[in-house]
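Reviewing the structure listed below.
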Amino acid sequence: MRLIGANSEQFLEFGLDDNNLVIEGEETNRIRSAIFSPDGEFIVTTGSAGSSSPEIWDVQRRRLLRRLPEHNGPVNSVAVSEDNQFVLSASDDFSVILSAVASGDEIRSYNAHQNRVTMAIFTDADERVISASSDGTMYLWDKLPISRSVQALEGHGAGVDTIAQLPYDPDFFLSTSATGELSLWNGISGTLV
């Protein structure tokens, strides 16, 4: 099996051997989540059970660049900001960590959920973060630590599985729950549409 990516300047192929990512002879843990940066320069991966540190891989050199700050539990998903400068990691430890791509340093930790965080994404031109949890809540956060604004978004009766920003209107996003609900949200006001 092959993981293939392309941008306007290059085509690359990463080998997947028994669900393990192999890049230039290095092998990671089993892949749980992987995402290309918007510019196609790097991939961020998370491993399966027990892996608590996301990894950034250089696409052109096909090698590990750095490991990001470690969580106290497995990482469920990662997201990369549109400007390629930040990574979000959502974890079973009930938290989301914002890390700098260039240094690998933790910029901020988001802590409000009462159960595992299933997903986190950037929204509103990378100025805000939305996190979703098995506890049935979502939170809308200001990205940077200058302001600690947080808004609880409630409307699902069960755990929230996924969230996705609408590509044609970044002011809105969708969420799905464990009960099969699909909800449309206003990402500016935090209200259910």
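The values are calculated or read from the model by the stated rules, or taken from the named source; none is laboratory data. Bear in mind that the values here come from a model prediction, so they are computed numbers and not experimental data. Here the Cβ is made from the backbone with ideal geometry for all residues, glycine too, and neighbour counts use every protein chain on show. Each accessible area value is taken on the protein alone, full model and side chains, heavy atoms only, with ligands, DNA and RNA left out. Shrake-Rupley method; radii C 1.70, N 1.55, O 1.52, S 1.80 Å.
Do any trypsin sites (Lys or Arg not before Pro) in segment 48-89 lie in a loop, going by DSSP, with at most 16 other beta-carbon atoms within 10 Å of their beta carbon, and if so which?
Details: sites: R61, R62, R63, R66, R67; in loops: R61, R62.
Passing both the DSSP loop test and the Cβ count: R61.
Counting alpha carbon pairs within less than 8 Å and at least 6 residues apart, what relative contact order, in whole percent, applies to segment 31-87? Could the numbers behind the result be given before it?
Working: 126 pairs, mean separation 19.8, N = 57.
Over segment 31-87, the number comes to 35 percent.
In Å², and per residue, what accessible area does segment 36-186 have when probed at 1.4 Å with the other protein chains present? Walk me through the numbers on the way to the answer.
Working: 6340 Å² over 151 residues.
On a per-residue basis, segment 36-186 sits at 42 Å².
If amide hydrogens are placed 1.01 Å from N in the peptide plane, which non-local residues have theirs closer than 5 Å to the one on I107?
Those lying under 5 Å, H to H, from I107 are L98, S99, A100.
Per residue of segment 78-85, in order, report the coupling 6.51 cos²θ - 1.76 cosθ + 1.60 (Karplus, θ = phi - 60°) as ³J(HN,Hα) in whole Hz, putting x for Gly and Pro.
9, 9, 10, 5, 4, 8, 6, 9
Using θ = phi - 60° and the Karplus form 6.51 cos²θ - 1.76 cosθ + 1.60, what ³J(HN,Hα) does each residue of segment 129-138 get, whole Hz, x for Gly and Pro?
For segment 129-138, the Karplus curve yields 10, 10, 10, 10, 9, 5, 7, x, 10, 10 Hz.
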